[in-house]
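Right, one structure below, let's go through it.
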Amino acid sequence: MELYGYWRSSASYRVRIGLNFKRLNYQYRPVHLLRDGGQQHQQAYRQLNPNGLVPTLVDGKTVIHQSLAIMEYLDETYQGPLLLPGTAADRAQIRAMSLDLASELQPLINLRVQQYLSATLALDDEAKKAWLVHWFARAFASLELQLRDHGSTYCYGKQFSMADACLVAQVYSAERFAIDLTPYPRLQAIYAGLLELPWVAAAHPNKQVDAEN
């Protein structure tokens, strides 16, 4: 398998966690989102992923984009620990938490949105920070309540899941943007524990071959 991604991309981060958790070997293919006008826009990469986003997983003749679709594919195709464990009801809750982070929050704070806010809407740094603070607060306040009802060591119940991979990646993004996390003690506690897991630690952006200072 090949994973095309960017070291600091939260979507790439969560897929790396998923691959490591399932103990799957893969070759990492860096796609620099800023260099050369953004390598994700080049024709060769667009042939793999017409959306011009990362990550993209290539598994033989199978090419998949969208991080959650990739992780579900891994569960359905390969043996090993499950990213979507438990009953149908459990898996639905895990998917819902994952989508809250990966589909509701992350698209609002990702690179192309940041570039649009700057280049097209001409927002200054203060206005962009206010945008980020607003959307992180909306998402994390909701997640904190869900963790009160469902979380323990992990986001949902007593097993690592896809929701944990999504949590790690989005809290990493929040730290990058200096978002205040003190209103979310459950989130912080679970995040701290997840960072100690070997499959999470190995996926950290700073440990990737394309990491930059």
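The values are calculated or read from the model by the stated rules, or taken from the named source; none is laboratory data. The model shown is predicted, which means the values in this text are computed figures rather than measured ones. Cβ sites come from the backbone with ideal geometry, for glycine too, and all protein chains shown count toward neighbours.
Can you say whether GLY52 is at pLDDT below 95, closer than 20 Å to SER173 by Cβ and either buried (at least 16 other Cβ atoms within 10 Å of the Cβ) or charged (D, E, K, R) (or both), as far as the supplied structure shows?
yes
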Could you please let me know if ASP164 is closer than 19 Å to TYR6 by Cα and either among the hydroxyl-bearing types (Ser, Thr, Tyr) or touching a residue at least 12 places away in the same chain (Cβ under 8 Å) (or both)?
no
Criterion first (of a type in the set (Lys, Arg) and at pLDDT below 95) does ARG112 satisfy it?
yes
Take ILE70 and tell me if it is touching a Pro at 6+ places or on another chain (Cβ under 9 Å), of a type outside the set (Ser, Thr, Tyr) and assigned by TED's automatic domain parsing to the domain that holds GLN170.
no
Please go through (1) more than 29 Å from GLY80 (Cβ to Cβ); (2) in contact with a Cys (Cβ under 6 Å, 6 or more places away or on another chain) for ASP164 and return the number of the only condition it doesn't satisfy.
(1)
How many of the residues making up region 138-161 are without any contact (Cβ under 8 Å) to a residue 40 or more places away in the chain and either in contact with a strand residue (DSSP E or B) (Cβ under 8 Å, 6 or more places away or on another chain) or assigned to a helix (DSSP H, G or I) (or both)?
5
How many residues are outside any loop (DSSP other than H, G, I, E, B) and either modelled with pLDDT under 95 or surrounded by fewer than 12 Cβ atoms within 10 Å (Cβ to Cβ) (or both) if we restrict to region 24-39?
5
Please find, within region 1-49, the residue that is nearest to LEU111 (Cα to Cα) out of those that are without any contact (Cβ under 8 Å) to a residue 40 or more places away in the chain and among the basic types (Lys, Arg).
ARG35
Restricting attention to region 10-23, does a residue exist that is surrounded by fewer than 21 Cβ atoms within 10 Å (Cβ to Cβ), more than 17 Å from the chain's Cα centre (by Cα) and closer than 18 Å to GLU76 by Cα?
yes
Does region 150-167 contain at least one residue that is over 21 Å from ALA92 (Cβ atoms) and of a type outside the set (A, V, I, L, M)?
no
